Amino acid sequence: MTPTLTPHTLPQPVLAGRDFLSNLDMSAAELRAVLSTASSMKRGEWKQVKPLAGLSLALVFEKSSLRTRTTFDVGMYQLGGHAITLTNAEIGLGTRERVSDVARNLERWVDGIMGRVYLQQTLHELAQHASVPVINGLSDMLHPVQLLADYQTIEQELGSAQGKRVVYIGDGNNLANSHMHMGMLTGSRVTIVTPVGYEPNGAVLLDAVRSGADITLTNDLSAVEGADVLYTDVWISMGMEAEADIRRRAFAGYQVTPQMLDTIAPDGIFLHCLPAHYGEETVPEATEHPKSRVFEQAENRLHAQKALLYHLMGAMQPRW
């Protein structure tokens, strides 16, 4: 029988009232608390508690979404709260209204703001002007909520992430940057494999190396061999459609196939944050491969984000 928590036995929220714009907005110990809560939620131990009852979360979308929208909405509902989805057609961040004005309005109605936006700077402006927690649901620079689910999946399948070889192959984008941040926090050994000219953000890489994290940057595809975790993402992100043909040529050979999965560790796993552009960075036979945990990873978006919401908002009381 699965044990269930009560309002008197809930863990202490470790991120109370803070913004979450980067994985580095939490310490290694705080990350451990969030992932522990996510695992507890997945086991069904939170079914009898509604710690966010009476609280609301605004979901602000400049970019379209399946997993981010659904999991934050369902997550707030399961924790007793409420989510409201606001598209850019309704808000017009920075066009119809200044970002600062949007923040000053939303803070008066809701208890938290999640933004899935084009620019990291937009999130910083929201956080600067809103008195409620602001969560990065994706930006051009980072994708920290995705990495929470990724590392929940890694630990679920392989145990501790410390010392595990996590190999990211493809575009040096927001996922690659956030993988380096997680290497700093967990002690995983992160390798970024990209074509020449598509490396991750230099400042993020420098910070990670200076921190003492085990980070390798290479263009050599043989780095995939023996990986505990092989991870990829789309080659052509939203907003890069004009570069599609150039990118397809540059990334030729970087496609994750069943044959590539045969070269990773025998108990290694394949992850992809989805959506997949089949025929480009991967193929259906890879996401359906016995080593694939792509759909378990997608499920964990719900549990990891619920845990994040609790640790950010769980100490709040309804204002009205």
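Coordinate-derived values only; no laboratory data. Note that the structure is predicted; figures quoted are calculated from it, not measured. Quick reminder, even Gly has a Cβ in these numbers, built from the backbone with ideal geometry, and neighbours come from all protein chains shown.
Miscellaneous remarks
- Relative contact order, percent, the chain [alpha-carbon distance under 8 Å, six or more residues apart]: 22 percent
- For region 196-203, putting each phi into the Karplus relation 6.51 cos²θ - 1.76 cosθ + 1.60 with θ = phi - 60° gives couplings of 4, x, 10, 6, x, 4, x, 5 Hz, in residue order, rounded to whole numbers and with x for Gly and Pro.
- Sum of -39500 (n - 2.57) over DSSP H runs of 4+, divided by residues of the chain (222 nm, nearest 500): -11000 deg cm²/dmol
- Table column - 3J(HN,Hα) (Hz), region 17-24, Karplus curve with 6.51, -1.76, 1.60, x for Gly and Pro: x, 8, 8, 10, 9, 8, 4, 6
- Listed from fewest to most Cβ neighbours within 10 Å, the set Leu106, Leu271 follows the order Leu106, Leu271.
- The angle between the Cα long axis of helix 144-158 and the main principal axis of the chain comes to about 60°, on a 0 to 90 degree scale.
- Calculated SAXS-style log₁₀ I(q)/I(0) at q = 0.10 Å⁻¹ - the chain, Debye, Cα scatterers: -0.55
- The amide H of Thr85, built 1.01 Å from its N in the peptide plane, has Leu59 as neighbours under 5 Å, considering only residues 5 or more places off or on other chains.
- Placed amide H near Ile269: partners under 5 Å, 5+ positions off or other chain: Val229, Leu230
- The ranking of Thr186, Thr95, Thr122 by Cβ neighbour count inside 10 Å, starting from the fewest, reads Thr95, Thr122, Thr186.
- Whole-number percent relative contact order across region 146-299, with pairs defined as alpha carbons under 8 Å at least 6 apart: 23 percent
- Take the chain and mark each of the trypsin sites (Lys or Arg not before Pro) that is in a DSSP loop with at most 14 other Cβ atoms within 10 Å; the longest unmarked stretch, sites excluded, is 109-318.
- Axis angle, to the nearest 10 degrees, between helix 294-313 and the longest C-alpha principal axis of the chain: 30 degrees.
- Sites listed here are chymotrypsin sites (Phe, Trp or Tyr not before Pro) in region 1-110 whose DSSP assignment is loop and whose Cβ has at most 15 other Cβ atoms within 10 Å: Trp109.
- Based on alpha-carbon atoms, the Kirkwood radius and the radius of gyration of region 209-320 give Rg/Rh equal to 1.08.
- Per DSSP, loop GluC sites (Glu not before Pro) in region 14-118 with at most 16 further Cβ within 10 Å: Glu45
- Helix 67-78 and the longest principal axis of the Cα set of the chain meet at an angle near 30°.
- Descending semi-axes in Å of region 25-151, equivalent ellipsoid built from Cα gyration tensor: 25, 17, 13
- Expressed as a fraction of 2.2 N^0.38 Å, the value expected for a compact globular protein of N residues, the C-alpha radius of gyration of region 90-186 is 1.29.
- Volume per residue of the convex hull around the Cα atoms, evaluated for region 144-237, comes out as 88 Å³.
- Bins of 5 Å, starting at 0 and running to the largest distance - Cα pair percent for region 146-299: 2, 10, 21, 24, 22, 14, 6, 1, 0
- In the chain, a dipole from Cβ-located charges (positive for Lys and Arg, negative for Asp and Glu) runs towards its positive end, and of Val283, Met316, Ser22 it is Met316 whose Cα lies farthest in that direction.
- Rg/Rg_ref, region 143-182, where Rg_ref = 2.2 N^0.38 Å and atoms are Cα: 1.13
- Relative counts (whole %) of C-alpha pair distances in region 111-168, using bins that are 5 Å wide: 4, 18, 21, 17, 13, 12, 11, 5, 0
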